[in-house]
Amino acid sequence: MKLATFNINGIKARGEALAAWLAEAAPDVVCLQEIKSVDEAFPREGLEAIGYRVETHGQKGFNGVAILSKLPLRDLRRGLPGDDGDEQARWIEAVVEGPRPLRICGLYLPNGNPAPGPKFDYKLAWMARMEARVRELLASEEPFVCLGDYNVIPQAEDAKKPEAWVTDALFLPESRAAFHRLVNLGLTDAVRARMPGPGVYTFWDYQAVAWERNNGIRIDHVLLSPQAADRLQEVGIDKAVRGKEKPSDHVPVWVRLAD
DNA sequence: ATGGTAGCGCTGCTA
């Protein structure tokens, strides 16, 4: 089973780029972030026509996540538990009904800038809530995968210019510590495990010719539960997508697990 | 130190 995460930065602006990548990569399950659309406006028909079930958790203008799946889904959940007052659409979860069931968590972790400030506080609180959800899932001993835009640069080698990020919420010690706490619960960073850095990136800013200079960062991650890690076969980053027409500033990251 | 780009949606916010 091939699972991918792709921050598409606006589903309405990315229809062609998404369709072209799906045709080439043929993932079974895709977690999308930053759909920037309400559920009713999500262009689902074209995706359904090529065999994907579409589940969205959107909001107006910003954020928004979705799951595309060629396989049936059950136990669909929208929103990260732990704060009933949180209106931001950043978490979607479901169990994929393959030969062996697999739980998928698609996430768009808060950016957190500027730091310090309320947005950074929200990021850290959100990460604490995610840790609580991951602890629950680990206790259940079911296989699961958390895919998405984590907005965290885990280590200096995950940035072309780490010195440019030292005061940024993506690289501040508190953000990195929270990410490492999550991983150290017993998850496997699939890209780190199979594609050791430096020089492995998933995001290049639109500004300052970052792509042309390969001034990237690694912030899109796939974390595997122990039972899912046992099934890991292959990992990839579809970097070429960033060089095509009207690209997202992120590229797809994928894993292949034994069925 | 500044400003550089893109998406959404219509003004400025978010990243």
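Just so you know, all these numbers are worked out from the coordinates, no wet-lab data involved. As the structure is a computational prediction, the values presented were derived from the model and not from experiment. Every residue, glycine as well, gets a Cβ built from its backbone with ideal geometry; the counts of neighbours run over all protein chains shown.
Ordering A:130-138, A:146-154, A:45-53 by mean Cβ neighbour count within 10 Å, with the highest value first, yields A:146-154, A:130-138, A:45-53.
Applying a length cut-off of 30 Å (Cα extent along the axis) and a mean Kyte-Doolittle floor of 0.5 to the DSSP H helices of chain A leaves no helix. Sequence-ordered 3J(HN,Hα) estimates for the stretch A:30-46 from the Karplus curve with 6.51, -1.76 and 1.60 and θ = phi - 60° stand at 10, 9, 9, 10, 6, 5, 6, 8, 6, 4, 5, 9, 5, x, 8, 4, x Hz, glycine and proline given as x. For the stretch A:73-79, 3J(HN,Hα) computed residue by residue from phi via the Karplus equation (6.51, -1.76, 1.60; θ = phi - 60°) reads 10, 9, 6, 6, 9, 10, x Hz, glycine and proline entered as x.
Sparsely packed loop sites in the stretch A:153-259 (the chymotrypsin sites (Phe, Trp or Tyr not before Pro) outside DSSP H, G, I, E and B with at most 12 other Cβ atoms within 10 Å) comprise A:Y206. Here the contact order of the stretch A:99-212, divided by its residue count and restricted to Cα pairs under 8 Å and six or more residues apart, works out to 28 percent. Here A:K70 is the anchor, and the lysines within straight C-alpha reach of less than 17 Å, apart from those fewer than 8 places off in the same chain, are A:K2.
Can you tell me how the stretch A:153-237 classifies by the Cα gyration tensor, rounded, prolate or oblate, using a/c under 1.5 as the rounded cut? Oblate shape, in that a/c is at least 1.5 and b/c is the bigger or equal ratio. In this label model, A:A240 and A:E136 are separated by 4.1 nm, measuring between points 7 Å along each Cα→Cβ vector.
Dividing the helix sum by the residues of chain A, where each DSSP H run of 4 or more adds -39500 (n - 2.57), gives a mean residue ellipticity at 222 nm of -7000 deg cm²/dmol.
Listed by chain and number, the lysines placed with their C-alpha closer than 16 angstrom to that of A:K246 are A:K12; residues fewer than eight positions away on the same chain are left out.
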